[in-house]
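Engineer: Submitted below is the structure of interest, expressed as structure tokens.
Coordinate-derived values only; no laboratory data. Since the model is a prediction, treat every value here as computed from it, not as a measurement. For neighbour counting, all protein chains shown are included, and Cβ atoms are generated from backbone atoms with ideal geometry for every residue, glycine included.
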Amino acid sequence: MSRIRILPENLANQIAAGEVVERPASVVKELLENSLDAGARNISIQVEGGGTSLLRVIDDGGGMDQDDVLLCLERHATSKISSVEELDQIKTLGFRGEAVPSIASVSRMSITSRPVDFPLGCKVEVRFGKVVKVHEMGCQRGTVVEVRDLFGNVPARKKFLKTTRTELAHIDEVVKNYGLVSPECSLKYAVNGREILALPGVGKSGVVSRIRLLLGLGGEEVLLDLAAADAGTELKVSGFLLPPDQPHGPAARLRAFVNGRPVRDRLITHAVAEGMRNFLMIGRQPAGVISLDLPANVIDVNVHPTKQEVRFHKSGQVHQAIVSAVGQALLNYQSGIRTALFGGGRSPVQGGIGATAEKERLFPDRHVARDAAAFPRESAAPRETKIEKTVPASLFSEPVVRYDVQVGETSAARLGSPPDGSTGTEGHEPERRAAGTEAEKRMGQLRVIGQLFDSYILCEGKDGLVAIDQHAAQERLIFERLKNQLAAGRLASQRLMFPKTMELAAEEIGVIEEEGGELARLGLELQEFGGSTYVLKAIPAIMSHLPPEEVFFSVMRQLADDGTARGGRASLDHLLAGMACKAAIKANHSLLLPELESLLGEMEKNDVFSHCPHGRPVVRFFSADEIRKWFHRT
């Protein structure tokens with residue numbers, strides 16, 4: 001007697017249902033997809049008891065006659081495809097013909113439907129996979145699907161469901177996803193008779209407001225607008241992301257859509273994160289909405305029963321297109337912030353959408369003050385302490401001469417001699433005024449107030465206060481400089497007047513042997529001296545103010561952790577970010593006025609300064625209205 005047998009139909013259906021109907025949210029997803037495929041413009045979702053007592057979806061789509069209602073309860077019955085060729089051209093959300101019979105097999109279901117050109121509709125009632133009643137009735141155009149007692153015949157499945165609150169959270173997630181993917185459709189969502197969400201249908205002009213609502217954002221947050229196309233694959237990337245430093249709740253996590261279908265895809269998530277690399281703070285995840293549109297024949301949506309996973313035929317091209325789109329949006333954002341601070345453009349966030357996007361800029365044309373009233377005068381009386389050297393002039397756009405100011409020296413000495421090499425300021429007032437005028441042109445619209453806590457540069461504009469993190473700002477500038485130098489071949493190096501002899505451990509020698517070429521590109525020059533002894537002859541010029549051994553071992557540690565030969569571009573950027581961090585001005589470091597001017601001048605010349613390479617913000621803006629509220633002056 002054969003041990004292999006055909007399973008009873010009801011058992012086979014329950015097993016199949018396990019692949020499609022994981023929880024109440026799965027039912028809502030499948031029914032919403034059917035409504036959207038039917039052309040519905042108004043959909044209502046009603047839930048009771050966490051979704052196990054009642055799930056009701058009402059739509060005004062095309063509807064079905066009695067024959068079609070009965071057919072849709074049969075496994076693999078569908079109106080969406082009819083041939084193998086059509087499987088490669090799927091444009092609908094559903095296509096398998098599995099969802100409705102799977103849901104019906106584990107619940108008490110009723111379907112009421114009427115096509116637009118039929119005077120009467122019909123109602124079909126099903127109890128755990130068996131049709132128990134069919135009759136005609138008057139009803140509105142469209143379809144109403146009621147699902148009661150979900151998993152009533154499979155208690156083993158029911159006991160694995162989470163709490164009511166958790167199941168409702170999953171349903172809420174599904175409703176929001178389809179609210180994002182179909183802005184033209186009006187959605188209403190109610191739980192136990194209480195309306196949770198009411199979304200009127202919107203056109204293209206209302207997409208952003210719907211995104212803000214469903215992501216839990218207010219009207220003030222800037223959104224980065226993604227817009228790119230790969231002509232080779234007809235791939236279009238669109239959507240809106242939050243800037244890397246924008247705080248957000250869980251509702252604003254990254255949501256991905258492919259051809260209008262919500263998906264969970266590691267490639268997309270990785271590509272967005274890669275595009276934000278060196279902007280996104282460690283531990284923080286990208287947030288927003290990203291949508292891919294591409295020909296149906298270059299993706300496979302028939303990978304998983306839930307259709308929430310896809311495969312791309314040319315995944316490398318897709319990944320690169322997303323990285324490019326995100327990178328370009330961030331560059332536009334950087335350029336917009338630069339424009340807002342220093343002028344020369346129309347919007348503070350070009351390529352972004354925010355509450356300030358209507359304004360021409362954050363600050364009007366205003367020069368940096370250079371008159372005596374703008375800065376406090378230092379006393380010419382003898383000082384009681386020695387002023388330490390600040391960071392080297394090479395880190396700023398123009399060299400600034402500095403001295404160790406001894407007791408009795410005045411502030412004039414501290415500011416250094418003019419760049420022409422003269423030793424005093426007498427007779428050079430015209431030159432100083434001319435230099436000030438150039439600085440004013442560079443620094444555009446900001447008036448420098450001074451330093452806060454020897455860590456933050458404070459500037460005033462007509463519309464508010466700007467605080468700049470001096471370390472993060474210069475770290476970003478140095479990082480970009482290092483990247484540009486490396487792209488041209490190698491980092492500029494500084495030969496040591498007195499080469500350093502070092503005894504290295506076996507692991508360090510191993511790194512030198514593996515990454516020797518990379519060390520040279522990074523500006524380090526080493527010579528083997530015999531055994532485990534090496535001579536350090538040059539270090540990166542940007543780090544020439546640091547102890548040579550400290551520079552060498554810092555680079556060595558990073559190469560040992562994630563060597564560029566193994567980690568590629570990401571590891572190299574991480575290494576350059578570490579070098580920039582060590583080379584940049586530190587917090588709690590007093591800066592001279594020319595250094596403040598020079599740093600702001602460098603910021604104006606570069607578009608990339610909203611975040612340091614590790615993702616920390618560089619600039620913070622406090623509006624005049626916000627400051628007035630602090631003091632109850634509104």
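Engineer: For segment 588-597, in order, what is each residue's ³J(HN,Hα) by Karplus, 6.51 cos²θ - 1.76 cosθ + 1.60 with θ = phi - 60°, in whole Hz (x at glycine and Pro)?
Structural biologist: Going residue by residue, I get 6, 10, 5, 10, 7, 4, x, 6, 4, 4 Hz, with x marking Gly and Pro.
Engineer: Within segment 141-164, find all residues whose amide N lies under 15 Å from a label point positioned 7 Å from the Cα of K130 along Cα-to-beta-carbon.
Structural biologist: Of the residues in segment 141-164, 153-154 have backbone N under 15 Å from the label point off K130.
Engineer: Using 0.36 nm per residue, how much length does the chain from R311 to A169 gain when fully extended, once their Cα-Cα distance is taken away?
Structural biologist: The span from R311 to A169 would gain 48.4 nm if fully extended.
Engineer: Next up: Along Cα→Cβ, 7 Å out, is where each label goes; now give me the distance between the ones at E550 and S324 in nm to one decimal.
Structural biologist: That separation, rounded to one decimal, is 4.3 nm.
Engineer: Cross-link list K204/K236; K483/K537; K462/K586; K537/K605: which exceed 25 angstrom alpha carbon to alpha carbon?
Structural biologist: Check vs 25 Å cut-off fails for K462/K586; K537/K605.
Engineer: Using θ = phi - 60° and the Karplus curve 6.51 cos²θ - 1.76 cosθ + 1.60, what whole-Hz ³J(HN,Hα) does each residue of segment 312-321 get, with Gly and Pro shown as x?
Structural biologist: Values, residue by residue: 9, 5, 10, 5, x, 5, 5, 4, 5, 4 Hz.
Engineer: In what order do V28, V21 fall by count of nearby beta-carbon atoms within 10 Å, going from fewest to most?
Structural biologist: Ranked by crowding around the Cβ, least crowded first: V28, V21.
Engineer: Moving on. Going by the alpha-carbon gyration tensor, a ≥ b ≥ c the square roots of its eigenvalues, is segment 204-340 rounded (a/c under 1.5) or, if a/c is not under 1.5, prolate (a/b greater than b/c) versus oblate?
Structural biologist: Judged from the Cα gyration tensor, segment 204-340 comes out prolate (a/c at least 1.5, a/b above b/c).
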